[in-house]
Amino acid sequence: MIQHSVLKTAILVSAAWLSFAISAEDDAIGQALYTSCASCHGQSGSGLSTMNAPSIAGMTSDYLSRQLKHFKSGLRGSEAGDTLGAQMKAMTNTLANDQAIDDVSSYISAMPITGQSAQITGDLRRGNNLYQGNCGSCHGGKGEGNPRLNTPRLAHQDAAYLTRQFNNFKAGLRGKHPEDRFGRQMKMMANMLDSPQDLQDIIAYLQAQNSSGNNP
């Protein structure tokens, strides 16, 4: 009985150690793969507005992995006119396969959430109303995202990036591919806002949540 207990404990310890070792190895692989991303997205994943690169630190690994796979397969970044998307599509060639994509996505998702500090002005009350009426049910009341609905975090994101992606959805540069199910949903939702001022007020509202210390 004692021998059986000792054997069981040894097996459990070995399994835990193996799991830890595999996790550490995956983290090291993800970190190595991220070096090709850091030149645009920054060492901390906060993004670089001068490179038109968004903040990616702390985003869910599922969302990151899905977008990278969409770029690699051509579901995203293939439309004529999406120059920056095409650049990102080319960059995914540095990731050899789905496992590499999953490894780097897991590494990025474990980074502390950071963002870019550039602010835009807008009507915060109006932005709140517009956001809650059109975006909040999927992306969360403060832009924190909702993994259960496959929606990304919008808070702590560069205003220029949010504006560009919204306009890309609206123009059909993103979310047009029939296999991009979630992108097609967002493409449809992009038609709900009537003017650029609507979008600016929404982004100003999201940025106000950041500065007030609300962290998703």
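What follows is calculated from the coordinates using simple rules that are stated; it is not laboratory data. Everything numeric in this text was worked out from a predicted model, so none of it was measured. Neighbour counts run over all protein chains shown; Cβ positions are idealised from the backbone, glycine included.
Once both labels are modelled 7 Å past Cα along the beta-carbon direction, what's the Ala90-Met51 spacing in nm?
Each label point is offset 7 Å from its Cα along the Cβ direction, giving 1.5 nm.
Place a +1 charge on the Cβ of each Lys and Arg in the range 40-187 and a -1 charge on the Cβ of each Asp and Glu, then give the dipole magnitude about the Cα centre in debye, rounded to the nearest 20. Walk me through the intermediate numbers first.
On the way: 17 positive and 11 negative charges, 97 e Å.
Dipole size: approximately 460 debye.
Starting from the Cα of Ser39, step 7 Å toward the Cβ, then list every residue of the range 97-122 with an amide N under 16 Å from that point.
Under 16 Å, as judged by backbone N against the label point of Ser39, lies no residue of the range 97-122.
Lysines within cross-link reach of Lys170: Cα-Cα under 16 Å, excluding same-chain residues under 8 positions apart?
Qualifying lysines at Cα under 16 Å: Lys187.
Which three lengths, in whole Å and largest first, does the range 2-211 cover when its Cα atoms are put on their principal axes?
73, 36, 32
Report the gain in length on full extension from Met188 to Ala32: 0.36 nm times residue separation, minus Cα-Cα distance, nm rounded to one decimal.
Extra length available between Met188 and Ala32 comes to 52.4 nm.
For Leu48, list long-range residues whose amide hydrogen, built 1.01 Å from N in the peptide plane, is under 5 Å from its own amide hydrogen.
So Leu48 has HN proximity to Ala53.
May I ask you to compute the full-extension gain from Glu179 to Arg125, defined as 0.36 nm times their residue separation minus their alpha-carbon distance, rounded to one decimal in nm? Don't skip to the end; give the middle numbers.
Details: separation 54, 0.36 × 54 = 19.44 nm, distance 3.67 nm.
Full extension of this stretch gives 15.8 nm more.
Please rank His41, His156, His177, fewest neighbouring Cβ atoms within 10 Å first, as an exposure proxy.
Neighbour counts put them in this order, fewest first: His177, His41, His156.
Amide H neighbours of Gly140 under 5 Å, at least 5 residues apart or on other chains, H built in the peptide plane: list them.
So Gly140 has HN proximity to Gly145.
Under 8 Å for C-alpha pairs, at least 6 residues apart: give me the relative contact order for the range 2-211, rounded to a whole percent.
For the range 2-211, the relative contact order is 22 percent.
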